[in-house]
Amino acid sequence: MDDGPGGWLTMASPVVEVQGLVKHFTLGGGVVASMLGRSPRVVKAVDGVDLTIGRSEVFGLVGESGSGKSTLGMTLVKLYQPTEGSISFRGRDVTRIAGSALKTYRKDAQIIFQDPYGSLNPRLSVAQVVEEPLRIHGVSDDAERGTKVVEALDRVRVPAAEYLDRYPHELSGGLRQRIAIARAIVLEPEFIVADEPVSMLDVSIQAGILELLERLSRELGLAVLYVSHDIATVRYICDRVAVMYLGRFVEYGDTETVIARPGHPYTKRLMAAVPSVDPASQRTRVDAHPDPSGSDTAGAATETCTHEEPHWEEVEPEHYVACPLH
Amino acid sequence: MPAQPTATASAAPISDRPPVSLRVSGLRVGYRVEQGHLRAVDGVDLEVNPGESLGLVGESGCGKSTVGKAILRLLPEDARVEGRVLLDGDDVLRMSARQLRQIRWTKLALVTQSAMNALDPVYRIGDQIAESIVAHEDLDRRQAWRRAEELFTLVGIPQERLRDYPHQFSGGMRQRAVIAMALSLNAGLLLADEPTTALDSIMQDQVLAQIQRLQRELSRSMILVTHDIAVVAETCEKVAVMYAGRITESGPTAAVLATPYHPYTMGLRNAFPTIDGDRRELISIPGNLPNLLDPPTGCRFASRCPFSTDHCREVDPPLIEVGPGHLSACHYPDQAAAFRDRAAQRSTWTTDPGGG
Amino acid sequence: MAEMVEFPGPGRGGPTRDVLEVWAGTRRRSGLAPFVDGLRLLVRDPFALVGLVIIAVFFLVAALSGFLAPYDPYEALPTPEGELARLETPSGDHWLGTTAFGNDVLSQLLVGTRVAFIVGISAAIVVGIISTLLGLLSGYYGRYVDDVIMRATDVALSIPTLPIAIVAVAILGASLRNIILVVVLLFWRNGARIVRSVVLTEKEKVYVQAARAAGASHLYIMRVHILPNVIPVAFLWMTMSVAFAILAEASLSFIGLGDPNAMSWGQMLNLAFTEGSIRTAWWWVLPPSLCLVFLISSIYVVGRAWEEKTNPRLRRR
Ligand SMILES: Nc1ncnc2c1ncn2[C@@H]1O[C@H](COP(=O)(O)OP(=O)(O)OP(=O)(O)O)[C@@H](O)[C@H]1O
Ligand code: SF4
Ligand SMILES: [Mg+2]
């Protein structure tokens, strides 16, 4: 992708910088399959992504399920090994680290998962859940762990005295998600991937969690990648957003600008899918599945494209759209 | 009068069965739990006229699924149920097992949150749908299969995918297949419990579009249970908002959501993220549902309501009519306009409403 | 920005609780907690409780059989008149009568209880260890490890149970050790598969991913997140192995492949049979049969209840 939104993407001292990241999965590549002469199928979950996130920034990533958002997030925290490209963390290349370097990186980069019901071990009390990362990283002094756990719970606004000895099944989804966030910040990381942290929560609770993420990012200087399928929630905590489709970014930009004037047909579609609380608003539903080539009615790129390669267009300052014809 | 067996009429095309009416009155459901008696539903009245769609909204644990299960008589054996659930005039709660079996497939159909569990992973989807048709209606396999094809077309999945296994479907397709299955028997009332909650927004949009189209085209009655008021805003004519086992506000969707009279409804509206218009503040409703083992006296929302008074904590507000068909259970309907303005400001909700 | 706090749930102590005290309170839970919890639930089930009591009584008897047995179980006892006390009906001297060889039935029964426990428990322990280990490795590491172990169980599973047991003991020689060996050979395979399937579901749990993301080692994940879920299942399998081992020993002994030096219940029945007393000397035949039935069914009842209590899917609300 030449002509990339390069200028906009480089910043003075980014926390996370990703270049040309690719993650492919090989399916059906077992011993038996290869003996039967079946060729393995390759799923291109992430297929060339550039991204920079700075200190105290919440960067939004939207796309439908299967677009590769979670894979990207998991690759960034090194739960998956990237196939190609590079990830650097505070200037250090972490793409292929292992062993103790990886363990250090695990302290710096954390992840919050979508499912607050599955992400806490039902056998462990809140205290044990939140202290787990400390134990893993060899904080052996019990009192020290206690202080840090209480501090983390304070940060997520969960009264520690009340909840330390409770078990996950006694907690509502919102509280569970707060506990999961406490676990993620207890090691004082600098980068957090929040993978759909509110999509399984009630609307009445979502706002509280979003706001918590925003505040933590500000207070702790955290770089946050906020992943969501719902472009409406992104708007409330992210200044910048990228839209992902089939493993690639198709649109980048300032959140309000992208929402006000979406450029790529896929972004338009994503926005058209958001229901409105206002019964009077008549939104038009787009019925068919989006066509990546953009022959979808959504307009925008009806002219022919003279470029050979996929490329970016700066449609207005700080707003980039990938050519939908590629 | 007991429900008449309708199996003989089933060879008719899908749209032939008449929509049904539902009237729930004084419904109370108690679960027996270790610590005592949990009043999950505590006096609920609902009305769905033939062909009408009603959205039942509220946050997790408010009892909305319990209402749905009571209507279908799917509650656990030891649950205590009171009240009436009149389906075309017959009380579901007092039906025999045989009557129940008849109405369950012909008058009532259920689409649940967990589409994964509704489909058996080891059989082809088409076989599963055809199987349920053959089991309940007087059709042979070929006719049943043809009906299944018709249904797949209705929910927008190519017919040849009937030969697929559930794992070969995406989440949204699976959800639509479950809808097809629920519709396979022409039930007059469709009860959908969080049919789209597990789906992403594009899938949700497609599934809702299908449900809505089917409901309108086949003029089915429908109850949609969800925590998402925007889904209701777009899909249902009427809405009932539930809180802690009771209905707090109900009426025509447009009226309830445009001019809510109950502070809880106002809170739900403000908590909802939107892409329309200017970015406004998102305001969550602090606090939790009250303990249903020992519900508080007075207004159940009082512990979280920014406008609560001593009067609220003592006297239970009744549902009163605030507009045509629009009911609200708040003591101060005349101050609703002022409440709406104040509820739109975050500071209103963050001052401790006292006694939390 | 304003704070949004979900209030503490109702009915709990107010903010008067001291944080550090609560923290200290959370320190006291041992790693055996799931096991203890299971047991606590178990004793609440009346059937399981009865079963447990029966097993406990048998166990005590087995442990104390040396003291309890009024005679040497292998000694040919004389009557007061000096003849061989052959096939005597129960009396004050011999509560359960005597055998055709003049042995005291009660003494043999008590010693047989010990043999049953030795066979059952040793087999179960070995089966438990092997199945847990292989199941864990296979399920957790997957890929080639899994391929190898699962192919091995496939092979093992294709072996027919009883015939092979008979042949094996006949070849290896009739001794308790060989009987145990055969039971282990026959029983590890299903155990490993069951454990593996638990591990397969457990390792996909989101909280395991979270632990990985926090830098946890494989050993840590297996110990903290996976093993506690495996233990109840492995324990259930071990319980079943006890029952199976006792039955297998009895069957082998009954057809004459028992350890000639260990008087087990099966051995007793075998002797009664070969002596042609199986229809006549009820005092010789009934006690070992009843003991077998009671012990085995108690073990099954307890195992079943254990499964019900520790498997949340079977647990009723
Ligand atoms: N089988 C049951 N036994 C005991 N209590 C139950 C049972 N099912 C539900 N409850 C309780 O009844 C109350 C209402 O539950 P219900 O499932 O109806 O809520 P809901 O509004 O559908 O919530 P959600 O949005 O989480 O699905 C809750 O307090 C819940 O814990
Ligand atoms: S009755 Fe009182 S507490 Fe209840 S909603 Fe109205 S103002 Fe709030
Ligand atoms: Mg529900």
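Taking a Cβ cut-off of under 13 Å around C:Asp93, the surrounding Lys, Arg, Asp and Glu residues balance to a net charge of -3, with basic ones at +1 and acidic ones at -1.
Which of the three applies to chain B, rounded, prolate or oblate, going by the alpha-carbon gyration tensor with a ≥ b ≥ c and a/c under 1.5 meaning rounded?
Verdict is prolate for chain B.
Expressed to the nearest 5 percent, the antiparallel share of DSSP beta bridges inside chain B is 60 percent. Couplings 3J(HN,Hα) of the range B:25-41, computed from phi: 9, x, 6, 10, 10, x, 9, 8, 10, 4, 7, x, 10, 9, 8, 6, 10 Hz, in residue order, whole Hz [Karplus 6.51 cos²θ - 1.76 cosθ + 1.60, θ = phi - 60°; x for Gly and Pro]. The rule of thumb for compact globular proteins, 2.2 N^0.38 Å, goes into the C-alpha radius of gyration of the range B:259-349 1.13 times. For C:Gly266, the shell of other residues with beta-carbons less than 11 Å away shows a net charge of -2, using +1 for Lys and Arg and -1 for Asp and Glu. Potential lengthening of the chain between C:Thr280 and C:Thr201 amounts to 22.9 nm, from the contour at 0.36 nm per residue minus the alpha-carbon distance.
Taking a ≥ b ≥ c as the square roots of the Cα gyration tensor eigenvalues, with a/c under 1.5 meaning rounded and otherwise prolate when a/b beats b/c, else oblate, which class fits the range B:157-220? Before the final figure, lay out each step's value.
On the way: a/c = 1.85, a/b = 1.24, b/c = 1.49.
Judged from the Cα gyration tensor, the range B:157-220 comes out oblate (a/c at least 1.5, b/c at or above a/b).
The angle between the Cα long axis of helix B:141-154 and the longest principal axis of the Cα atoms of chain B comes to about 40 degrees, rounded to the nearest 10.
For chain C, a Gaussian network of Cα nodes joined below 10 Å ranks C:Gly303, C:Gly215, C:Gly51 by mean-square fluctuation, and the top entry is C:Gly215.
Quick one: grab the alpha carbon gyration tensor of the range C:20-175, order the square roots of its eigenvalues as a ≥ b ≥ c, and give me rounded if a/c is under 1.5, else prolate or oblate depending on whether a/b is larger than b/c.
Taking the square roots of the gyration eigenvalues as a ≥ b ≥ c, the range C:20-175 is oblate.
With every protein chain in place and a 1.4 angstrom probe, the accessible-area ranking of A:Lys69, C:Lys203, A:Lys103, largest first, reads A:Lys103, C:Lys203, A:Lys69. Here B:Lys64 is the anchor, and the lysines within straight C-alpha reach of less than 28 Å, apart from those fewer than 8 places off in the same chain, are B:Lys107, B:Lys238.
Scanning residues 5 or more positions from B:Leu56 or on other chains, those with amide H under 5 Å from its amide H are B:Leu224, B:Val225, B:Thr226, B:Ala240, with H placed 1.01 Å from N in the peptide plane.
If the chain between C:Ala76 and C:Phe273 were fully stretched, how many nm would it gain, using 0.36 nm times the residue separation less the Cα-Cα distance? Intermediate values should be presented prior to the final figure.
Values: separation 197, 0.36 × 197 = 70.92 nm, distance 1.85 nm.
The span from C:Ala76 to C:Phe273 would gain 69.1 nm if fully extended.
Counting Lys and Arg as +1 and Asp and Glu as -1, each charge on the Cβ, what is the dipole of chain B about the Cα centre in debye, to the nearest 20? Can you show the working numbers first?
Numbers: 38 positive and 43 negative charges, 97 e Å.
It works out to roughly 460 debye.
Partner lysines whose Cα lies under 29 Å from the Cα of A:Lys69, excluding those fewer than 8 positions away in the same chain, are identified as A:Lys23, A:Lys44, A:Lys78, A:Lys103, A:Lys107, A:Lys268, C:Lys203, C:Lys205. Dipole size of the protein assembly as shown about its Cα centre, with +1 on Lys/Arg Cβ and -1 on Asp/Glu Cβ: approximately 1580 debye, rounded to the nearest 20. Residues B:Met242, A:Met271, C:Met238, ordered by accessible area of protein heavy atoms at a 1.4 angstrom probe radius and largest first, appear as C:Met238, A:Met271, B:Met242.
Roughly what % antiparallel, to the nearest 5, for the DSSP beta bridges in the protein assembly as shown? Don't skip to the end; give the middle numbers.
Details: 62 of 99 bridges.
Close to 65 percent.
Principal-axis analysis of the Cα atoms of chain C puts helix C:265-274 at an angle of about 30° to the longest axis.
Counting only helical runs of four or more DSSP H residues, what would the 222 nm mean residue ellipticity of the protein assembly as shown come to if each run contributes -39,500 (n - 2.57) and the total is spread over all its residues?
Numbers: 37 runs with 439 residues, N = 999.
Mean residue ellipticity, 222 nm, calculated: -13500 deg cm²/dmol.
Over the range B:19-236, Cα pairs under 8 Å with separation of 6+ residues give a relative contact order of 28 percent. The HN-Hα couplings worked out from phi for the range B:238-244 by the Karplus form 6.51 cos²θ - 1.76 cosθ + 1.60 (θ = phi - 60°) are 10, 9, 10, 9, 10, 9, 6 Hz, whole numbers, x standing for Gly and Pro. Annotation: peptides C:92-102, A:225-235, ranked by per-residue average of other Cβ atoms within 10 Å with the highest first, follow the order A:225-235, C:92-102. Of the residues C:Leu290, C:Leu227, C:Leu257, which exhibits the maximal mean-square fluctuation in a Gaussian network model of chain C defined by a 10 Å Cα contact cut-off? Largest GNM mean-square fluctuation: C:Leu290. Shielding by partners for peptide B:289-301, expressed as the average number of C-beta atoms from other protein chains within 10 Å of each residue's C-beta, is 1.
Can you send over the carbon and sulfur percentage of the accessible area for the range B:259-349, probe radius 1.4 Å, protein chains only? On the range B:259-349, the fraction of accessible area on carbon and sulfur atoms equals 51 percent. Couplings 3J(HN,Hα) for the range C:190-203, derived from phi with the Karplus relation 6.51 cos²θ - 1.76 cosθ + 1.60 (θ = phi - 60°), are 5, x, 4, 5, 5, 4, 4, 5, 5, 4, 4, 6, 5, 6 Hz, where x marks Gly and Pro.
Please state the relative contact order of chain C as a whole percent: Cα pairs under 8 Å, 6+ residues apart?
On the way: 400 pairs, mean separation 74.6, N = 317.
Answer for chain C is 24 percent.
Compute a Gaussian network model of chain C, connecting alpha carbons closer than 10 Å, and tell me which residue from C:Leu176, C:Leu84, C:Leu185 fluctuates the most. Largest GNM mean-square fluctuation: C:Leu84. Cut-off 19 Å, label point 7 angstrom out along Cα-to-Cβ of A:Val139: give me the residues of the range A:160-191 whose amide nitrogen falls inside. Zone members listed by number: A:160-166, A:178-191. Please name whichever of B:Ile179, B:Val231, B:Gly251 sits farthest to the positive end of the charge dipole of the range B:167-276, dipole taken about the Cα centre and charges placed at Cβ: Lys and Arg +1, Asp and Glu -1. About the Cα centre, the residue reaching furthest to the positive side is B:Ile179.
The values are calculated or read from the model by the stated rules, or taken from the named source; none is laboratory data. As the structure is a computational prediction, the values presented were derived from the model and not from experiment. Cβ: placed from backbone, ideal geometry, glycine included. Neighbour counts: every protein chain shown. Only protein heavy atoms, including side chains, enter the accessible area calculation; ligands, DNA and RNA are left aside. Shrake-Rupley method; radii C 1.70, N 1.55, O 1.52, S 1.80 Å.
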